[in-house]
Amino acid sequence: MAMYYLIFLAIVQGITEFLPISSSAHLILGRDLMSAIGLPPSQGTAADELAFDIALHVGSLGAVLLYFRRDVGEMVSGLIDLLRGHGSERSRLLLLVAAGTVPILIVGFLARNIVSDLLRATEIMAWATIIFGIALWVADRTPIAKHEPKAVTFRDALIIGLMQCLAIIPGVSRSGITMTAGRFLGFDRPLSARFALLLAMPTVAAAGILASYELYDQGDTRMTADALIGGGLAFIAAWAAIALMMRWLRDASYTPFVIYRILLGLVLLALVYGIEVT
């Protein structure tokens, strides 16, 4: 794989995976852009590309696990409490995350072919980017009522989990739709982002496991140097993006992300309709 392509994809994946701006749309568009300007996107086999995608997921997952290591530690302790038959606040957080994760696992598995075949048109991504950017702006005007995970109910977790299912459409953004749902439910900005990223952990892990199974099924389980480098770069980019976003949301709003989404969507629509007109 060409080094420029490796670096580009790793950094884009790391930065966009957990920001409310849709990583899948950026990766799809990034690959299309590379092809459009005549840069060969890959020099490896299909298995090499799949191994690279797995490494990007693992790197991004490692970053969010590291940043929220205290919450992860609490959930691990909560799992131990549950296995011992003793419920606790730590086990409650684990169950909230589980409740919010089940819907996307089911829908993502059942609809994976629809996503691959029907929902990757640039026009769909453009409209989704704009519409759900506006939804985030509207949600961010909701009065704040909840500041801590202990205020999150199982009803909240299920609603956010159901909304997360919309993220199968490129352009919606998994992080974006869960943060939007959290704000509509009265979460403050840091809590909406925190809970969204806790939900991202099992979802990203599941995507990585599914891709790993596909790689195993192909009979090629080797990890290339490109994959290792890409995973490392994705880890660094994702950790920096998470840290900066969480710091920003302590004192400011989601407005910059909304503006970015709308501008990106408008540019994409201009390209789509411009090509159609000519």
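Quick note: the coordinates plus some simple rules give every number you see, no bench work behind them. The structure displayed is predicted, hence computed values, not measured ones. Counting neighbours? That spans all protein chains shown, and the Cβs are built from the backbone with ideal geometry, glycine included.
Based on C-alpha pairs under 8 angstrom that are at least 6 apart in sequence, segment 3-277 has a relative contact order of 37 percent.
Given (i) 71, 46, 43; (ii) 58, 44, 34; (iii) 97, 40, 30 as candidate values of Cα extents along the principal axes in Å, which corresponds to the one derived from the coordinates? Computing Cα extents along the principal axes in Å and matching it to (i) 71, 46, 43; (ii) 58, 44, 34; (iii) 97, 40, 30 gives (ii). For the chain, the membrane-span-like helices by this rule, meaning whole DSSP H stretches whose C-alpha atoms cover at least 30 Å of axis and whose Kyte-Doolittle mean is 0.5 or above, are 46-67, 89-110, 189-217, 225-251, 255-277; this says nothing about an actual membrane.
A simple count of charges around GLU74, restricted to other residues whose Cβ falls under 11 Å of its Cβ and scoring Lys, Arg +1 and Asp, Glu -1, yields +1.
On the beta carbon distance between ARG250 and GLU148, with R0 = 25 Å, the FRET formula returns roughly 0.95. With a simple spin-label model that places each label point 7 Å from the Cα along the Cα-to-Cβ direction, the separation between SER88 and VAL72 comes to 1.9 nm.
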